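The values are calculated or read from the model by the stated rules, or taken from the named source; none is laboratory data. Everything quoted here is computed from the prediction, not taken from an experiment. Note that each Cβ is placed from the backbone with ideal geometry, even for glycine, and that neighbours are counted across all protein chains shown. For the accessible areas, the whole protein counts, side chains as well, though only heavy atoms, and no ligand, DNA or RNA atoms are used. Shrake-Rupley method; radii C 1.70, N 1.55, O 1.52, S 1.80 Å.
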Amino acid sequence: MKAIAIAAVLATSLVACTSTPTVKTDFDPSANFGGYKTYSWALKPQAGSPLVQQRIVDGINARMQAKGLREAPNGDIALAAHIANSQKQTLDTFYSGTGMGGWGWRGGWGGGMAMGSASTTVHTYDVGTLVLDMFDARTKQAVWRGTASGTVPSSPDKVNVAVDAGLDKMFASFPPGSTAPR
């Protein structure tokens, strides 16, 4: 069962956030993005779920095509995508009682020290990251990188929303100079 859970986490670790994922992009300013007309996959992301993996690939393909590029063998741009996952923890502590007696309560100092209590809960969650690199296929030089990272949702519907949100934000200003990031 743990293996299935880990596979699901890896599969969904794209962007992961049901709110807005953290997205960063970088590019080579000397690259001629106007000269690129085609792309091909050098490395597709390896996800635990083939369905999520296909959604990621389909999402990237759709956005590349919406930007005027078409998939072709030996394209002008080579795509390489990687998925990484890590676990994080937060500690939530709830305090009850003050640990002190009351001041002026029932005629004076409230009788000295009293015991307060605290309970701490550990919340473990998964953070997923998708890294998409683009290389000039002719020169083999990196020309663009996008990363999307966030908390991995628990339901497949929310994973799909997170994948779309991360990819939308990642491709908002692709190719560089086309539009301002959102």
Solvent-accessible surface (1.4 angstrom probe) belonging to His123, in square angstrom, nearest 10: 80
Net charge contributed by nearby residues that have their C-beta within less than 15 Å of Gly150 (K/R +1, D/E -1): +1
Farthest toward positive dipole pole in the stretch 26-89 [+1 Lys/Arg, -1 Asp/Glu at C-beta], among Phe33, Gln65, Gln89: Gln89
Residue order for Asp164, Asp28, Asp136 - accessible surface, 1.4 angstrom probe, largest first: Asp164, Asp28, Asp136
Protein-only accessible surface order, largest first, of Ile83, Ile56 at 1.4 Å: Ile83, Ile56
Probe 1.4 Å, all protein chains present, accessible-area order of Phe135, Phe174, Phe33, Phe94, largest first: Phe94, Phe135, Phe33, Phe174
